[in-house]
Amino acid sequence: MTKGKKFLAYAFLTVVSVISVFPLYWMMVAATNKSVDVSRGTLIFGTALFDNVKKLFASQNVATALGNSFKYSIIMTFISLLVCSIAGYGFEVFHDKAKDRVMSVILLAMMVPFAATMIPLYRMFSSARLLNSTLGFILPTISTPFLIMMFRQSARSFPSDIMEAARLDGLSEFQIFYRMFLPTMRSTYAAAMTITFMSAWNSYLWPKVIMSDANSITMPMLVANLTEGYVTDYGILMLAVLVCTIPTVIVFFLLQRSFAEGITGAVK
């Protein structure tokens, strides 16, 4: 590659990087400015951060929302990884044509929008008295076709000879899964954990429908509450968005290397 092409490539990547990072920068800047300054498009840090923090905590129950979001996201991530990994392992290791048909039906379910099933789900959960509960939050998304497919693809790279040797040594299928499959698929678990945690943390529609109690509020619901009313304080709103964004950013940066390895390993 010539110097001219290298310069154009780096210039293009620099511009794309700036465009990608700018929304995060503007969100941080807006969180430190007053609503009027945010409306004017101020691009420098202001001095209203502590005032915005006081107003946010005075007007909204941030501690409860953060606690609920962490609780729901952690529980949902743990259960989803357990269920989807076992399902993906079972679909591949105990492979037959009937399971292929079942897998096709599961993948077809990805094409059905959640809004189409939301009303029947609400009536079902209302009849089961699961409104405003952790179980009601996690049950509809406890297993997803995408995660099952990802674990199934990863299970294809698991050597069958090792499983046969383990069975001859007297290990049960659960022991093979727990002692051998799970440790070798750490990158896949990291990728699935990142996807599931971010999805659960950012979930808004279903919690808004099923969580009517103020003590069950989550961070996305809190952010939505700040946009209601006649006047919106954009400084407080962007501060709430920043607080809501930080946990997912931390999780992604901690697991970004494993995330990339898990995604590429699942596609191969």
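Quick test of your reading of the structure: residue 246 fulfils all but one of (1) outside any loop (DSSP other than H, G, I, E, B); (2) farther than 17 Å from residue 29 by Cβ. Name the failing condition by number.
(2)
Any residue at all in region 195-207 that is in a helix (DSSP H, G or I) and among the small types (Gly, Ala, Ser)?
yes
Suppose we filter region 78-111 for residues that are of a type in the set (Gly, Ala, Ser) and in contact (Cβ under 8 Å) with a residue 12 or more places away in the chain; how many remain?
Residues that pass the stated criteria total 5.
Answer with yes or no whether residue 62 is under 24 Å from the mean Cα position of the chain (by Cα) and within 19 Å of residue 195 (Cα to Cα).
So residue 62 does not fit the description; no.
Just checking, which of 25, 72, 10 is in contact (Cβ under 8 Å) with a residue 60 or more places away in the chain, among the aromatic types (Phe, Trp, Tyr) and either surrounded by fewer than 15 Cβ atoms within 10 Å (Cβ to Cβ) or on the phi < 0 side of the Ramachandran plot (or both)?
72
Looking at (1) touching a Pro at 6+ places or on another chain (Cβ under 9 Å); (2) at pLDDT below 90, which is the one condition that is false for residue 37?
If we test residue 37 against (1) touching a Pro at 6+ places or on another chain (Cβ under 9 Å); (2) at pLDDT below 90, just (1) comes out false.
Would you mind telling me which numbered condition in (1) in a helix (DSSP H, G or I); (2) surrounded by 13 or more Cβ atoms within 10 Å (Cβ to Cβ); (3) more than 15 Å from the chain's Cα centre (by Cα) residue 215 fails?
All conditions pass for residue 215, except number (2).
Could you please let me know if residue 42 is in a helix (DSSP H, G or I), out of contact with any Gly (no Cβ under 7 Å at 6 or more places or on another chain), polar (S, T, N, Q) and without any contact (Cβ under 8 Å) to a residue 40 or more places away in the chain?
no
Go through region 55-69 and give me each residue that's in a loop (DSSP other than H, G, I, E, B) and surrounded by fewer than 17 Cβ atoms within 10 Å (Cβ to Cβ).
61
Take the residues in region 147-182 that are among the aromatic types (Phe, Trp, Tyr) and over 22 Å from the mean Cα position of the chain (by Cα), then tell me which one is farthest from residue 78 (Cα to Cα).
For region 147-182, the residue satisfying everything is 158.
Residue-by-condition table, conditions (1) in contact (Cβ under 8 Å) with a residue 40 or more places away in the chain; (2) closer than 24 Å to residue 21 by Cβ; (3) of a type in the set (A, V, I, L, M, F, W, C); (4) touching a Pro at 6+ places or on another chain (Cβ under 6 Å):
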| residue | (1), (2), (3), (4) |
| --- | --- |
| 165 | no, no, yes, no |
| 181 | yes, no, yes, no |
| 191 | yes, yes, yes, no |
| 212 | yes, no, no, no |
| 233 | yes, no, no, no |
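Conditions: (1) modelled with pLDDT under 85; (2) surrounded by 17 or more Cβ atoms within 10 Å (Cβ to Cβ); (3) under 27 Å from residue 245 (Cα atoms). Residue 93 meets all but one. Number of the miss?
Here residue 93 clears every test but (3).
What's the number of the only condition in (1) outside any helix (DSSP H, G or I); (2) touching a Gly at 6+ places or on another chain (Cβ under 8 Å) that residue 52 fails to meet?
Every listed condition holds for residue 52 apart from (1).
Residue by residue, here is whether (1) touching a Cys at 6+ places or on another chain (Cβ under 9 Å); (2) surrounded by 14 or more Cβ atoms within 10 Å (Cβ to Cβ) holds:
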position	(1), (2)
113	no, no
118	no, yes
147	yes, yes
163	no, yes
173	no, yes
179	no, no
185	no, yes
203	no, yes
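The values are calculated or read from the model by the stated rules, or taken from the named source; none is laboratory data. Everything numeric in this text was worked out from a predicted model, so none of it was measured. Every residue, glycine as well, gets a Cβ built from its backbone with ideal geometry; the counts of neighbours run over all protein chains shown.
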